[in-house]
Amino acid sequence: MAAGSAKRRPLGGTPGIVSIALPAAAFAWFCLLIPQVANGPLFWSVEWVPSLGVEIGLWIDGLSLLFALLITGIGTLVALYSSAYLGGDDHYTRFVCYLLAFMVGMLGLVLSDNLLALFVFWEVTTISSYLLIGYKADDPASRRNALQALVVTGTGGLAFLAGIVLIGAAGGGFQISQLPDLSEHVLYPAILVLVLAGAFTKSAQVPFHFWLPNAMAAPTPVSAYLHSATMVKGGVYLMARLNPSLGNSEAWTIALCAFGGVTAVFASIMALKQTDIKQVLAWTTLMALGTLTLFIGAGTEAAIKGMVVFLLVHALYKAALFMVAGLIDHGTGTRDANVLSGLMKAMPITFIAAIVAGASMAGLPPLFGFLGKEYLYDAALEQDVLSRGGVLWVAGCAFAASALMVAAAGIVAWRPFVGPKAETPVKPHEGPWGMWIGPLILAALGVAFGVIPSLSTIVLEPAATAVMGAPVPVELKLWAGVTPALILSLITFATGFLLYWKHRAIRRGLGRLRDRADPAWDGIMDGVAGGSKWLAKTVQAGSLRTYIFITFLTLAAVLLTTIWRTGALPSAPPLDDLRLKHWSILIFITAGAAVAAVTNSRMTAIAALGTVGVGVALVFIIFGAPDVAITQLLIEVLQVVLVAVAMLKLPHMKPDVVSRIRGWDLILALSIGAMTTVVMLMVMTTPLDLRITQFFEATSAPIAHGRNIVNVILVDFRALDTFGEIAVVAIAALGAYALLRGTRRNT
């Protein structure tokens, strides 16, 4: 599905123009907000669920604005790139719909001031990314990897939802801008675990990292967008956004520093092992995500400034390099770093974009990446990150990841273009302008922000302030003198160049290094599938009696648990007030139940159950509910007649089966009867809360204009519930009718 389709249309036709124009207009609007946000956050809100105090609020501060600019700005370039890369594809319109949905989901995620609304958009990104990763639906690998991303991030999303509920309980609401410091709250440990589960799965921290490299099954434009500005940064955004509320604890610092550091170093090593340049870029994205998490966890002012700067640095060079990877694939027919060589003359524009973006990735001056790395090293060398051991951990992880990043940049941006010309599946050629203009623009921004750092501080300073929860000045300087950070940078360059020089030998040495997480995922899914088959075979046995038995067995377990947890058994009710009519009805109902239990005839059992229903109707009459009694009688008569007609279509029960199952049925029935009686007695001894009763008594006539409270409740107050019950009964009746028709035809 590369750019050479026979159905090429300028800018992808109408779908492509729409996909470019919408994010471009949004980007322009967000640019107009930069001066306003520099002076303070902006708020807009609309009531969503007033009864729950839920609003859809837009909160545009420095952090959300920075993300919005990345989402719409890079989104515009990705859409333009896609129009050339996929514009002639038969399913391009569908792709545009997925891409725009993804974009809207990310914008909603970063602009929402309400955690519940944020979660809705969080799941929009999960679903839309699933559709984008699995865009090549005829490819089994695409379907498998899309499902993997959906399950991993979706499961984390459920944990995040539980964390949102606890945050609402602990913080007194769901408005992010109004959340207090929760680090001392009794619910904080549970909130921390649940929120980080959602953030770590979304941003692919070890051990949830494996889905991200596999997401490379998506088309290259999706990879460029997902890795630079959108979904994988969603978890980073969540951690940064909640840092003022959750970040004031040692547990937060330890968790983020540990997971972030391990992810950064492990991913950098795995990047050096790859030969597919898209896979190299995917693993370096994991490195960047780990680094961002590491410095959010460090939490100092310098660490937050370094994190924000590196966030922008990574977005610019990573989107550019993924587009370069697509250009190389389009122009040569391969992405194998062992094959690619000598492309500089055949693809000069791509080479310029690649070498500039790659230099920023390596952190070379005067690129913006150099400033980002310097800020990270300044923060890592601070003395107030937990302890001296914490400083060594943060600085060590940052150094190892940065040195390996230099080597990875060489593999992606240098090696394919220099050296002797190699044989490739397609004769090397430059791509169309729509594919190379985006990487050039992003590479040029990397140069501009490096040479003139003040261009970026207008958005970086408000972003750092938002993450820190207090004013944070950001002053970027290309030359700050000979500092420990500069010395460490020089050591990083030397180490990185050495690693690149020996990267083939290192790759061979890493041959035995395997990422066990992905095979473990397959094992887990195989276990789930096997367990599901066993459970379905056990529970869905094809026997109605088995289904009913399991249902009532579950009910018995629930009742027993309820009685056990309450601790106190009710006393037996007095029997002095029972009269002859009460005893007569009791005997009548008991006799009907006994006959239904012992008979081998379905018809007799149905008739006996009908007498039980009549006895219940008599109870209603005695206690002054004649309308309910009439309804009960009508239902019982109708039920007996209809079921009796249906029974004529069913085969007779075998006597040996009947005798074999009676014992367990008796035990289960007596257990449920006894426990239900106990629960009812417990309810009767509990003081009755009449507030709902009083509400219906007071409002039935003036509001619903009805004096029969039961009818008013069913028809007015619970109209939707009643409609749903009618629909269920109708569907059940249709199903029964279909079964009986099938039975009649088979007999």
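Please order VAL729, VAL313, VAL472, VAL193 by the number of other Cβ within 10 Å, starting at the fewest.
By the 10 Å Cβ count, ascending: VAL729, VAL193, VAL472, VAL313.
Compute the distance from the alpha-carbon center of region 63-78 to that of region 590-611, in whole Å.
Cα centroid to Cα centroid, the span is 71 Å.
With only Lys, Arg, Asp and Glu charged, each at its Cβ (+1 for the first two, -1 for the last two), find how big the charge dipole of the chain is about the Cα centre; round to the nearest 20 debye.
Values: 46 positive and 39 negative charges, 551 e Å.
Rounded to the nearest 20 debye, it is 2640 debye.
Can you give me the P(r) profile for region 116-166? Cα pairs, bins 5 angstrom wide beginning at 0, each as a whole percent.
Whole-percent P(r) values from 0 Å outward: 5, 22, 27, 18, 13, 8, 5, 2, 0.
When we measure straight from the Cα of LYS533, which lysines land under 27 angstrom away, once same-chain ones fewer than 8 places off are left out?
none
Could you please state, rounded to a whole Å, how far the C-alpha centre of region 418-442 is from the C-alpha centre of region 459-505?
That distance is 30 Å.
When we measure straight from the Cα of LYS136, which aspartates and glutamates land under 13 angstrom away, once same-chain ones fewer than 8 places off are left out?
ASP89, ASP90
Along the Cα-to-Cβ line of ARG579, 7 Å from the Cα, sits a label point; which residues in region 596-630 have backbone N less than 13 Å from it?
Under 13 Å, as judged by backbone N against the label point of ARG579, lie 622-624 of region 596-630.
Got a sec? How would TYR317, TYR98, TYR81 order by Cβ neighbour count within 10 Å, fewest to most?
Working: TYR317 33, TYR98 21, TYR81 30.
With the sparsest Cβ surroundings first, the list reads TYR98, TYR81, TYR317.
At q = 0.21, 0.24, 0.26 Å⁻¹, what base-10 log of I(q)/I(0) does the Debye formula yield for region 690-747 when every alpha carbon is treated as an equal point scatterer in vacuo?
Here log10 of I(q) over I(0) equals -0.78, -0.89, -0.95.
Which aspartates and glutamates have a Cα lying under 19 Å from the Cα of LYS373, excluding residues fewer than 8 positions away in the same chain?
Within the straight-line limit of under 19 Å, LYS373 reaches these aspartates and glutamates: GLU301, GLU382, GLU461, GLU475.
Where does each of SER700, SER183, SER360, SER402 land when they are ranked from fewest to most other beta-carbon atoms within 10 angstrom?
Least to most surrounded, the residues fall as SER183, SER700, SER402, SER360.
Whole number please: convex hull volume per residue of the Cα set in region 285-387, in Å³?
Value for region 285-387: 104 Å³ per residue.
If r is the Cβ-Cβ distance from GLN694 to PHE623 and R0 is 25 Å, what FRET efficiency results, to the nearest 0.05?
0.75
Rule-based calculations on the coordinates, nothing more; no lab input. Because the structure is predicted, anything quoted here is derived from the model rather than measured. All Cβ positions, even for glycine, are placed from backbone atoms using ideal geometry, and neighbour counts span all protein chains on display.
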